[in-house]
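A short worksheet on the structure shown next.
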Number of protein chains: 6
Amino acid sequence: MATPQSMLVVSAHSADFVWRAGGAIALHSKNGYRCKVVCLSFGERGESAKLWRKGDMTIEKVKSARREEAQRAADILGTEVEFFDLSDYPLRVSDEALMKLVDVYRELQPAFVLSHSLKDPYNFDHPLAMHVAQEARIIAQAEGHLPGQTVVGAPPVYAFEPHQTEQCEWTPNTFLDITEVWDVKRRAIECMAGQEHLWEYYTRVALQRGVQAKRNIGITAKRNIEYAEGYQRITPSVVGDLS
Amino acid sequence: MATPQSMLVVSAHSADFVWRAGGAIALHSKNGYRCKVVCLSFGERGESAKLWRKGDMTIEKVKSARREEAQRAADILGTEVEFFDLSDYPLRVSDEALMKLVDVYRELQPAFVLSHSLKDPYNFDHPLAMHVAQEARIIAQAEGHLPGQTVVGAPPVYAFEPHQTEQCEWTPNTFLDITEVWDVKRRAIECMAGQEHLWEYYTRVALQRGVQAKRNIGITAKRNIEYAEGYQRITPSVVGDLS
Amino acid sequence: MATPQSMLVVSAHSADFVWRAGGAIALHSKNGYRCKVVCLSFGERGESAKLWRKGDMTIEKVKSARREEAQRAADILGTEVEFFDLSDYPLRVSDEALMKLVDVYRELQPAFVLSHSLKDPYNFDHPLAMHVAQEARIIAQAEGHLPGQTVVGAPPVYAFEPHQTEQCEWTPNTFLDITEVWDVKRRAIECMAGQEHLWEYYTRVALQRGVQAKRNIGITAKRNIEYAEGYQRITPSVVGDLS
Amino acid sequence: MATPQSMLVVSAHSADFVWRAGGAIALHSKNGYRCKVVCLSFGERGESAKLWRKGDMTIEKVKSARREEAQRAADILGTEVEFFDLSDYPLRVSDEALMKLVDVYRELQPAFVLSHSLKDPYNFDHPLAMHVAQEARIIAQAEGHLPGQTVVGAPPVYAFEPHQTEQCEWTPNTFLDITEVWDVKRRAIECMAGQEHLWEYYTRVALQRGVQAKRNIGITAKRNIEYAEGYQRITPSVVGDLS
Amino acid sequence: MATPQSMLVVSAHSADFVWRAGGAIALHSKNGYRCKVVCLSFGERGESAKLWRKGDMTIEKVKSARREEAQRAADILGTEVEFFDLSDYPLRVSDEALMKLVDVYRELQPAFVLSHSLKDPYNFDHPLAMHVAQEARIIAQAEGHLPGQTVVGAPPVYAFEPHQTEQCEWTPNTFLDITEVWDVKRRAIECMAGQEHLWEYYTRVALQRGVQAKRNIGITAKRNIEYAEGYQRITPSVVGDLS
Amino acid sequence: MATPQSMLVVSAHSADFVWRAGGAIALHSKNGYRCKVVCLSFGERGESAKLWRKGDMTIEKVKSARREEAQRAADILGTEVEFFDLSDYPLRVSDEALMKLVDVYRELQPAFVLSHSLKDPYNFDHPLAMHVAQEARIIAQAEGHLPGQTVVGAPPVYAFEPHQTEQCEWTPNTFLDITEVWDVKRRAIECMAGQEHLWEYYTRVALQRGVQAKRNIGITAKRNIEYAEGYQRITPSVVGDLS
């Protein structure tokens, strides 16, 4: 195909895509995909504790610092990023913002979509982002929405890993081997100066998922996997071979 | 790889593999896989109503008729078949029979395994077959079981479609396009003289799953799918690309 | 009782009631029930692909064509139909529209209510319609809502069959035998010129549910069932006999 | 029909049928049903604390006392009772005992079957009794089991109320109005001298279920319900009317 | 600690906190906790049937009567109560009201929070109240919300008992012994003149939960428990000892 | 109380108690509890890959090496350990072995019990061990089992952390702070020479659970938690205070 494939990430706050899908972005970007991240908010109220504690802060200063971090991480991972600048804690998504996301789907025609877990009792912005990602996808498929545009097919939807997986009823049914791009993801992670306490946490997540991925291909498999990301595929897959 | 890939089907009764996995067998067989079906029983007591109503029947006559039908279907689909000849209604699997199935795993080294749904309130033989299929796989992975033999890796396990899916809490997360081998599956189905009332039932199942598979790749997809089989993959997949 | 019993169907789009509850409507109508369908939208944006592809279309033209089809189907099935003309893809239900539905409950005093499944990852309008059907029922029960009106009792709520049942976590716990009105339902289905690809799909659904209903009364039962509709009853039943 | 209808209760211990299904038995017995209870064990080890504390007890004495209580309760309720005298805590059911239960099904041809909840973390005998009740039903349906006998149809299976419902994942979807036979059930309950602490407990259960049943028919309903029993119907119902 | 501990109850209607958490309030109040109840509405439309049937009623009169009852009950239990006076049936919570609840969290700094079950098919106001209780808690934790205020820690959230527990998928994982304050709770219950039919219902609930609590500490335990309340703890506990 | 409290761990294989409950054992042992571990098997067939690969091995040699490792770990943690020496892969537990475990309950009178997750698709020995732990507890509570002995109360049952938590449907609802005994657990872990690849894996598990435990007490809490173990409490707790 002449046009490269593309992928879409819908991120509630401006750092989520790095911790949770940074490996997928780096890997597909490296393999020629056009990647796009939509950050619904900057996480300026709820996920910027360290910045606020600096003192002399305003919402605008925090947003600006968060934008910069996210942009740098995006550049390292090799993805476009668009900031919708909606509020956080609580995130509220108007129908206007929803339609803007529909436009992204129509323009990008993603081969697959990544967003948050369907539930998260610790963070209501996260499942709302996933809900919106799904709803925009459905509208983008509708022939009667802006007739004349090319509708979207049925890109698979994946939920990336939340912070406390079991509390979120999130179960990975797909492991992505990110060993070859781990150093890229780690560099992107290190852009998140405001959440340094999470660097090692998500490094350990990647190592644990790597061990589990290895186990799920079996000890007899040749492939060595050191780092992985877990995903819960929401939509069924359609295949021509079961192995 | 010089050795062809292989696949294993664990079927509670001697006709289950035809209705529920006939398309997968025909397709992979056509594509060069070595296929093997283990029929734990002939379904002689619980799934041979038509034969019993003929009158002048014995268990041995029913088993013999069922074996013949299953063998013919297997030949059409292109698979080996082994009959364990355990009892049905109720199926009982001794540790000795379990170990015989472990031997099959070790010898076959299947790339994937197909068996029944994890639950079935209408038929307790079915979930038991799946349980045994999983347990044998686990034992076949153990280094301490018959040390010296090559252990089995981590072949994915799929649950094929039960009769009343929703009552069995079975959800297909994988659709297999069987359009190109549908005629083969239909011919195998027609070997099941004793259950003629199910021929059209499972033809309709294949058509419905075909429509659903098509919907899950999206109307924009080029691939035409007319017939499909649904599978519930039990074990996570490990991938290098999410599209 | 002098007043005939009545039933209510809450349909997200103008064709849903035909595919999913056409048999129930035709049967109860035939048996003397007053039937009423509320179509929240025409499905003009999301379920009218064929009409849009004709070219030279506008929202108003599509809505008009959809209304006409639905009215014809309703006439064949023997039901009143009221169009709320809310938007679709996404459906949005204001409190004003909700109260209009409450009025319908109060006026109709339905013996039971049919609507969509509680979940549907392919279509967010569907579960919203069910949610609204339940919420309106609760409000119609409140003594303090328009005091002086007769409140509604506790009509059972049923979820009718969605397109991909297992993905919607929908499980039929009630089968309705529609054999004697199948021809009526089929004629109503054939009014849906814009979705001809679904005619055979839902004919097969009725046949499959017929086989399953037969199985659930047992092969020894006298009653012959050829076509059925599946329903998931949401609210408990209260009975005087368990057989 | 000339032959009266019949019902079957499979009770793990010799008192369970009284607390949990006494109303259903009394009501159907009164309405002309032939009723039969199978007590798999006497509950001699695990549910006879008061008897054991009397001192000078043996297993045989406890069993004898329990049998007498159960027989008296059965007489009051109007049901046959058969004691299989298997062990309790833990209950173990051999294939021979299972086949004896199959014989009961074949002879009784029950219109419906009542047994325990599918899970019970406080009592493993209970779900085993349900499992066996279901398995015997399946075998009794098999044409190849003792060919020549009349097979069983598809009698609905209900789980009656366990002691701590929510811990057992038991949800009542059917309430049976037992107001008119409550005094009979209470008299049967009072036969259980060894478990007097439960008399008021299960009287309160009946009152609570009565209030809930009333709520589920609505305050506008004429029928007065004071006492009820809750049941979880496991198998789908097949109906000709949804009200 | 110098400052006494505090607890928060978020109640959809003005009587819910009495039936469902009255024992917890009385007990903690007695033990020195500062208690606060937020009533989102008076339940004036949906839970005041008896008042409406008196005739000559207006919304204002009903609200006034409900407020008086609730205030009296609160006084007896020993808790502050604040009425948000939002609408009921349906309850609607604006972001403004949500922020008012956030203020309560920040001011009160509760050690734990009680609200409704996560689901309730009979009453959509109840789960909404719980949703809002959780969302306000999350916002109160955010450093960027009104920076300078003391943020809230991670107070455990409990769902108190709904009317029909199993239909609400509510499972108690925590029993609170309220024996010593039962008389206080009963007196508070008796303030609810408008819902006298529930007095005995919730007395029986307390007795049943008492029996169950006793069972869960074991018959060998010294503590006598006569009355209890059941709670479903939503958030994990962090402990230094497992007994 | 004069007699110290005690705790029981039921471990399918001889190393499980170290990875999964080593912190709980070390902590409670340090705090004066009598601790006892029952190892149902040595894990000689399924969890001793490294030993088998050494060559020149027999089942007896492997068992002996595993016993020695486990005994050393137990000594470090401060617990008694008893080896039942049943088979593994598959584990099979006879009623005789079950009764031996009942004896342990009766003699030990544990304040709480730890065992495996209720499900584990990767390892059927694990859920069987939990099943047996629960069943033995139920029998130990029965007055009619070896009358004269002191029966067991209702010790809470916890499922400790399995290898792939989400695949096992295991959700931690209790975090145990093991920071002060982490070094002890680590030393015990290092006894497991045959599974060195798991040392770092379970160190990371403890760190992740530590971060999560910290999050669940809130950032405002004084207590510092670095290492934790997650547990799923199966049985409800009975408390006198909700904070």
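Which count do you get for residues in region E:12-31 that are of a type in the set (D, E, K, R) and within 13 Å of another protein chain (Cβ to nearest Cβ)?
1
Do we find a residue being under 15 Å from the mean Cα position of the chain (by Cα) and of a type in the set (Gly, Ala, Ser) anywhere in region D:93-112? Yes, region D:93-112 contains a residue that is under 15 Å from the mean Cα position of the chain (by Cα) and of a type in the set (Gly, Ala, Ser). For D:Glu107, indicate whether it is under 16 Å from D:Lys36 (Cα atoms) and acidic (Asp, Glu). Yes, satisfied. Every condition in (1) more than 27 Å from F:Val152 (Cβ to Cβ); (2) β-branched (Val, Ile, Thr); (3) touching a residue at least 40 places away in the same chain (Cβ under 8 Å) holds for F:Val81 except the one numbered (1). Residues in region E:117-127 that are within 17 Å of E:Ile138 (Cβ to Cβ), touching a Lys or Arg at 6+ places or on another chain (Cβ under 9 Å) and not in a helix (DSSP H, G or I): 0 in all.
The single residue among D:Arg209, D:Arg223 that is at pLDDT below 95 and either assigned to a loop (DSSP other than H, G, I, E, B) or within 14 Å of D:Gly22 (Cβ to Cβ) (or both) turns out to be D:Arg223.
Specify which of the listed residues (B:Glu143, B:Glu96, B:Glu68, B:Glu107) is among the acidic types (Asp, Glu) and touching a helix residue (DSSP H, G or I) at 6+ places or on another chain (Cβ under 7 Å).
Details: B:Glu96 fails: touching a helix residue (DSSP H, G or I) at 6+ places or on another chain (Cβ under 7 Å); B:Glu68 fails: touching a helix residue (DSSP H, G or I) at 6+ places or on another chain (Cβ under 7 Å); B:Glu107 fails: touching a helix residue (DSSP H, G or I) at 6+ places or on another chain (Cβ under 7 Å).
When all the criteria are applied, what remains is B:Glu143.
Filtered by the rule that a residue be modelled with pLDDT of 95 or more, within 18 Å of F:Lys214 (Cβ to Cβ), out of contact with any Gly (no Cβ under 9 Å at 6 or more places or on another chain) and not aromatic (Phe, Trp, Tyr), region A:189-206 gives A:Glu200, A:Thr203, A:Arg204.
Looking at region B:154-162, can you tell me whether even one residue there is surrounded by 22 or more Cβ atoms within 10 Å (Cβ to Cβ) and more than 14 Å from chain A (Cβ to nearest Cβ)? Looking for residues that are surrounded by 22 or more Cβ atoms within 10 Å (Cβ to Cβ) and more than 14 Å from chain A (Cβ to nearest Cβ), one finds at least one in region B:154-162, hence yes.
Scanning region E:220-243 for residues that are of a type in the set (A, V, I, L, M) and facing chain F (nearest Cβ under 7 Å) turns up E:Ala221, E:Val238, E:Val239, E:Leu242.
Listed here are the residues, each with its yes/no results for (1) more than 26 Å from D:Glu143 (Cα to Cα); (2) among the hydrophobic types (A, V, I, L, M, F, W, C).
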position: B:Gln134; (1), (2): yes, no
position: B:Pro172; (1), (2): yes, no
position: B:Asp177; (1), (2): yes, no
position: B:Lys185; (1), (2): yes, no
position: B:Leu198; (1), (2): no, yes
position: B:Tyr202; (1), (2): no, no
position: B:Thr220; (1), (2): yes, no
position: B:Ser243; (1), (2): yes, no
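Restricting the first member to region D:94-112 and to residues that are under 10 Å from D:Val132 (Cα atoms), and the second to residues that are part of a helix (DSSP H, G or I) and not hydrophobic (A, V, I, L, M, F, W, C), the beta-carbon pairs closer than 8 Å and six or more apart or on different chains are D:Leu98/D:Glu135.
What number of residues in region F:134-188 are closer than 25 Å to E:Gly240 by Cβ and outside any helix (DSSP H, G or I)? Of the residues in that region, 21 qualify.
Flag: D:Gly194 does not match the condition of being buried (at least 18 other Cβ atoms within 10 Å of the Cβ), facing chain C (nearest Cβ under 10 Å) and not in a loop (DSSP other than H, G, I, E, B). Restricting region F:163-191 to residues that are within 10 Å of chain E (Cβ to nearest Cβ) and in contact with a Pro (Cβ under 9 Å, 6 or more places away or on another chain), the residue that is surrounded by the fewest Cβ atoms within 10 Å (Cβ to Cβ) is F:Thr171. Going residue by residue through region A:163-178, is there one that turns out to be of a type in the set (A, V, I, L, M) and at pLDDT below 95? Checked against the condition, which is being of a type in the set (A, V, I, L, M) and at pLDDT below 95, region A:163-178 yields no hits at all. Against the conditions (1) over 17 Å from the mean Cα position of the chain (by Cα); (2) within 19 Å of D:Asn31 (Cα to Cα); (3) free of Cβ contacts under 8 Å to residues at least 60 places away in the same chain, D:Glu200 satisfies every one except (2).
Of the residues making up region B:179-194, those that are touching a residue at least 60 places away in the same chain (Cβ under 8 Å) and within 17 Å of the chain's Cα centre (by Cα) are B:Val181, B:Trp182, B:Val184, B:Lys185, B:Arg187, B:Ala188, B:Ile189, B:Cys191, B:Met192.
Please work out if C:Leu118 is touching a residue at least 24 places away in the same chain (Cβ under 8 Å), on the phi < 0 side of the Ramachandran plot and in contact with an Asp or Glu (Cβ under 9 Å, 6 or more places away or on another chain). Before you say what the answer is, go through the steps one by one.
Working: touching a residue at least 24 places away in the same chain (Cβ under 8 Å): yes; on the phi < 0 side of the Ramachandran plot: yes; in contact with an Asp or Glu (Cβ under 9 Å, 6 or more places away or on another chain): yes.
For C:Leu118, the condition - touching a residue at least 24 places away in the same chain (Cβ under 8 Å), on the phi < 0 side of the Ramachandran plot and in contact with an Asp or Glu (Cβ under 9 Å, 6 or more places away or on another chain) - is met.
The lone criterion from (1) at pLDDT below 95; (2) closer than 23 Å to D:Ala70 by Cα left unmet by D:Ile217 is number (2).
Being touching a residue at least 40 places away in the same chain (Cβ under 8 Å), within 23 Å of A:Tyr202 (Cβ to Cβ) and crowded, with 18+ Cβ neighbours inside 10 Å is the filter here, so list the residues in region F:213-234 that pass it. Explain how you work it out, then say what you get.
Quick first cut of region F:213-234, residues touching a residue at least 40 places away in the same chain (Cβ under 8 Å) only: F:216, F:223-234.
Still in the list and also within 23 Å of A:Tyr202 (Cβ to Cβ): F:216, F:224-230.
F:Asn216, F:Ile225, F:Tyr227, F:Ala228, F:Glu229, F:Gly230, listed by residue number.
Applying the selection to region F:36-65, what residues are of a type outside the set (Phe, Trp, Tyr), within 14 Å of chain B (Cβ to nearest Cβ) and within 20 Å of F:Leu114 (Cβ to Cβ)? Give the derivation first.
First pass over region F:36-65, keeping only residues of a type outside the set (Phe, Trp, Tyr): F:36-41, F:43-51, F:53-65.
Pick out the ones that are also within 14 Å of chain B (Cβ to nearest Cβ) and you get F:41, F:43-51, F:53-65.
Within region F:36-65, F:Ser41, F:Gly43, F:Glu47 meet the criteria.
Considering (1) out of contact with any Asp or Glu (no Cβ under 6 Å at 6 or more places or on another chain); (2) farther than 15 Å from D:Ala21 by Cβ, the lone condition that D:Ala111 does not fulfil carries the number (2).
The values are calculated or read from the model by the stated rules, or taken from the named source; none is laboratory data. Everything numeric in this text was worked out from a predicted model, so none of it was measured. Cβ coordinates were reconstructed from backbone atoms using ideal geometry, including for glycine residues, and neighbour counts include every protein chain displayed.
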